[in-house]
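Encoded as structure tokens, the structure appears first; notes follow it.
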């Protein structure tokens, strides 16, 4: 490792960083500030939000809506009184709402950076030109000498040159809240593992010292995490991609059709105004204006349902993305397990020499608090186990005379206490650290080694306990001096039990074709044992075959990692949160949609890189929560699976209502084609089309968006990524079958009313002619009624769609009622007549229009039966 | 072969000096020529402490430092080129402009002119991690679709081989943003395969080099609409000490403006950046 900042002898640090013990001069600080910038995590582009906002207003769909709105305003200017301005404002409103909604989704993502900034202090004590003074932390530069004291947050990456009992918590970088002792001496380790460096964002727990800054802002280790959290582009969600595709296809169809018939109209000598109205009508008829707002509403309602299942969704696209997930990369502790250590094995169970549990408790470092004890979770587990065995834990703790708290480097704790009524020195900790202190022969030690291995293989965290009787009057002031001639009392097997619902949830994942991968910092044996209990590894797989350690992972190239994943590696043990990114990248190379869980600050980049980042709501950091799209309120793996089920259901529902909405496009487009090609009046005006697209279709669409998951939802593999929303069969079914039926029936009624009223073929009609208004009214009314039949049909791909659930979905009832009432009101309520340009028809004709409901439903059901018969 | 440091006396140049010393330590001659063209801004007399400091650092690295004061000849660049002459064995080490801003880090600088000149090999550093002390353990080398100036790259890599543990070749398949958004999985896979084959060729060449035998080689492919951004992200992810990239002749001719990917890399990278270009005798 020679040559790096951590390898330098203290006296060389200043030479290499062009600094001095009495600090930099003001001019030097200014110069370096200019060269390297301020020590902040500010986004370089402060106007990023403007770019984001611009992007939302320049997507294909928004542009199309805005062009349509502009045409409306021009038309209103040329020929007022046709309500074209209202139409323009409606289209503009939809476009603005859509764009603003997407913008706020993106804006929220920046909050992760705000949370990260909170880890850096505002001011810091620095030595400059020989004087100690408080300076803004933002102004620190490499070479600056700073003073660190207990309670401080480290403002930048620092090489220590003076150290008095300094202890830090590097949790923001490593994810592990273990206190680390620091030194000013040179060390020969990797940068991030060096204990003569203090890193930005980390907290000083104890002691004081001085150090020289060597990296600031985004160049510090913490800054790199921040930079990755900021710069990694979230992958385009499957729904975004598919929606964009659908919008493009519909737009191209609409514009091409509009322009073709505009040119045709001009060529056949129709007036420019008529052609303009016609072109706009055809575009408006082709574009399902209400579809995207309905998407949004459906996703928002889906997110509410997910929240009831402890899955809080922050980004609406993640609602559906969860349903498309192929692989879940999950943490172990707290997600698969209860995050509650408990003693479940005592080895040996009885001993003549020592009471194992009493000796273990005697070496604990616990304080009494209301309702229990406070201290290390492991110590608490020992006290609880002792108490649960019907013994007095507090009495054992009260009998402690000297405590030697757990030492990270020694990996053990000790105490002097009364054990079995006589004074003794008890030690507990890792077996490797106690083994050399025991007074035992090699055979006994080998026997103990075998026991430890067996316990570890069963997934236990193994704690060794040893003790020694103290001679009368023997005082123990120094732990090291007392650690001799210890007798092994035995081993405690602790485990963090698996959550009871996890094996079922993992099995459900497998049935649904979803892979599960565990990424944990734990020991490989413990990790694999939990993975086997959860069912993530098949019983037939040999031990170790499906497990890789972080060390192995570090040596693998991305290509090799892809190979390992294909070979069935399912557990990554002793892995760092940073390595999650590598795994996510490899899975992306395999074209998988990946969900990743995380709770620490350094999980943020992986949460952002994943297709769905899932943060822990209970034990997660704010940074992780802000970086993620989904927050698990109960930190439970099973909730992710529940979320996936909801996500899949939402996609299926979106398909249902897309199908539903596109059906009404048929009867909207056909009148324009007839109008252009034959000497007939226009059967539907633009405002009437919009009353369907932005009015009556909305509630039934939302009702379909609320449909419950069916039994098949989690029985099928994740849907094919290439399977878009707008498939050819869906287009054929919507336009070519149901659309045609609706068009044919509504146009039949339109012409019936016209002929009945005395209209003759080729006769032109004024837009305020009552006969014309009645005819367009019945055309519109019949479309609305037929959409009721269409609604039931869309509920099921193969069945009739009429079952009890249909009447338990209140939105379906509201939607049907609304369509029925509106189909009547648009004919018989004068106010509605005025707005929509309609007039009443004979009641018999209106009642005949109701026949459209069983007609479309029946023909569609017949189609289903025929298809079912062909398939079977 | 001689490693020459174009030294102007700035703090930035002091940090670049670390790299120059490490590169010199990677050659059997273990010699560095510190070239200073005397200017009004940095007169030689004021630099004695700084030059002595570089001398100490060089000495600790076992490198003999030799300070040479060059006379101006049509400016600083002329002085340097004239002093070194057309030397195919020389490697000129220099630093980019200290502060980017609207002018950028390269445009119209001494370094830019040195990179455009073909008399010798040039490597320009932007040091943002002075604490790295010029030691490169993890190196990220973004490579474009063409064959890199192989000999020049090998020369730089061989000089870094003493410390170098991991070398990562990154090839970013760049697509326009709208095309990228619509990219289907099979097409992405085809692009990835093509890029992997291209990388394998470079990888095989590097593996054949005896000096690089101890270096772990890795390749990665990304499909993106912004290669510089991908290189920055990958560098941060891999904890790269240095991102080392070749300056194509075409880029040098057209110049570097604010939005240029090179400028983005120099401005936003969390790792140090080296831009190299082989001389007319060495791959160019």
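What follows draws every value from the coordinates through simple rules; no lab data is involved. Note that the structure is a prediction, hence the values are computed from the model and not measured. Here Cβ is always computed from backbone atoms with ideal geometry, including for glycine, and neighbour counts include all displayed protein chains.
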- Note on the structure: In nm², the average projected area of the convex hull spanned by the Cα atoms of segment A:417-468 is 4.1
- Task: Answer rounded, prolate or oblate for segment A:328-390, using the Cα gyration tensor with square roots of eigenvalues a ≥ b ≥ c: rounded when a/c is under 1.5, else prolate when a/b is larger than b/c, else oblate.
- Result: oblate
- Note on the structure: Rounded to a whole number, the mean other protein chain Cβ count within 10 angstrom for residues of B:130-141 is 6
- Once you have all Cα-Cα distances for segment A:187-268, histogram them in 5 Å bins from zero and send the whole-percent values. 3, 10, 11, 11, 9, 6, 6, 6, 5, 6, 6, 5, 5, 4, 3, 2, 2, 1, 0
- Task: Give the shape of segment A:672-732 as rounded, prolate or oblate, defined through the alpha-carbon gyration tensor: a ≥ b ≥ c are the square roots of its eigenvalues, a/c under 1.5 means rounded, and otherwise the shape is prolate if a/b is larger than b/c and oblate if not.
- Result: oblate
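Counting pairs of Cα atoms in segment A:105-258, how many percent are more than 27 Å apart?
The answer is 37 percent, as a whole percent.
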- Task: Determine the shape class of the protein assembly as shown: with a ≥ b ≥ c the square roots of the Cα gyration tensor eigenvalues, call it rounded for a/c under 1.5, and otherwise prolate if a/b is greater than b/c, oblate otherwise.
- Result: oblate
- Note on the structure: Here, residue A:716 and residue B:72, labelled 7 Å along Cα→Cβ, have an inter-label distance in nm of 7.8
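Calculate the tail of P(r) for segment A:764-872: the fraction of all Cα-Cα distances greater than 20 Å, expressed in %.
Roughly 49 percent, once rounded to a whole number.
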- For the pair residue B:179 and residue A:409, how long in nm is the line joining their label points, each one 7 Å along Cα→Cβ? 5.8
- Note on the structure: Extend 7 Å from the Cα of residue A:737 along its Cα-to-C-beta direction; within segment A:772-802, residues with backbone N under 18 Å of that point are A:786-802
- Message: Under 10 Å, Cα contacts only: if you run a Gaussian network model on chain B, which one of B:241, B:121, B:260 comes out with the highest mean-square fluctuation?
- Response: B:260
- Query: When A:857, A:755, A:572 are ordered from fewest to most other Cβ atoms inside 10 Å of their Cβ, what list results?
  - Reply: A:755, A:857, A:572
- Note on the structure: Longest principal axis of chain A (C-alpha) makes with the long axis of helix A:238-267 (C-alpha) an angle, in degrees to the nearest 10, of 20
- the protein assembly as shown, helix-only ellipticity at 222 nm - DSSP H runs n ≥ 4, -39,500 (n - 2.57), divided by all residues, nearest 500: -14500 deg cm²/dmol
- Task: Can you tell me what the convex hull of the Cα atoms of segment A:203-342 projects to on average, as an area in nm²?
- Result: 17.1
- Theoretical FRET efficiency, 1/(1+(r/R0)^6), r = Cβ-Cβ of residue A:388 and residue B:194, R0 56 Å, to 0.05: 0.30
- For segment A:600-652, what relative contact order do you get, as a whole percent, if you take Cα pairs closer than 8 Å and at least 6 residues apart? 30
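Suppose R0 equals 51 Å. What FRET efficiency, 1/(1 + (r/R0)^6) with r the Cβ-Cβ distance, do residue A:708 and residue A:748 give to the nearest 0.05? Can you show the working numbers first?
Working: r = 37 Å, r/R0 = 0.73.
So, using R0 = 51 Å, E works out to roughly 0.85.
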- Message: For segment A:781-802 and segment A:297-328, what is the centre-to-centre distance using only Cα atoms, to the nearest Å?
- Response: 27
- Subtracting the Cα-Cα distance from 0.36 nm times the residue separation, let me have the gained length for residue A:344 to residue A:449 in nm, one decimal. 35.9 nm
- Message: Quick check: the distance between the Cα centres of segment A:451-508 and segment A:1-36, to the nearest angstrom?
- Response: 46
- Full-stretch length increase - residue A:263, residue A:769 - with 0.36 nm per residue and alpha-carbon distance subtracted: 179.3 nm
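Could you grab the relative contact order for segment B:67-111? Cα pairs under 8 Å, six or more apart, rounded to a whole percent.
Dividing the mean separation by the residue count of segment B:67-111 yields 26 percent.
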- Message: Order these by the 10 Å Cβ neighbour count, fewest first: A:278, A:751, A:491.
- Response: A:751, A:278, A:491
- Query: What residue among B:88, B:130, B:176 has the largest mean-square fluctuation in a Gaussian network model of chain B, using Cα springs under 10 Å?
  - Reply: B:176
- Task: Calculate the length of the line joining the C-alpha centroid of segment A:624-670 to that of segment A:820-854, in whole Å.
- Result: 35
- Message: If I fit a long axis through the Cα atoms of helix A:84-109 and take the longest principal axis of the Cα atoms of chain A, what angle between them do I get, 0 to 90°, rounded to 10?
- Response: 10
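Once the Cβ-Cβ distance between residue A:369 and residue A:551 is put in as r, and R0 is 22 Å, what FRET efficiency do you end up with, to the nearest 0.05? The partial results should precede the final answer.
Values: r = 39 Å, r/R0 = 1.78.
Result of the calculation: an efficiency of 0.05.
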- Message: Using only Cα atoms and rounding to the nearest 10 degrees, what angle (0 to 90) does helix B:227-238 make with the longest principal axis of chain B?
- Response: 80
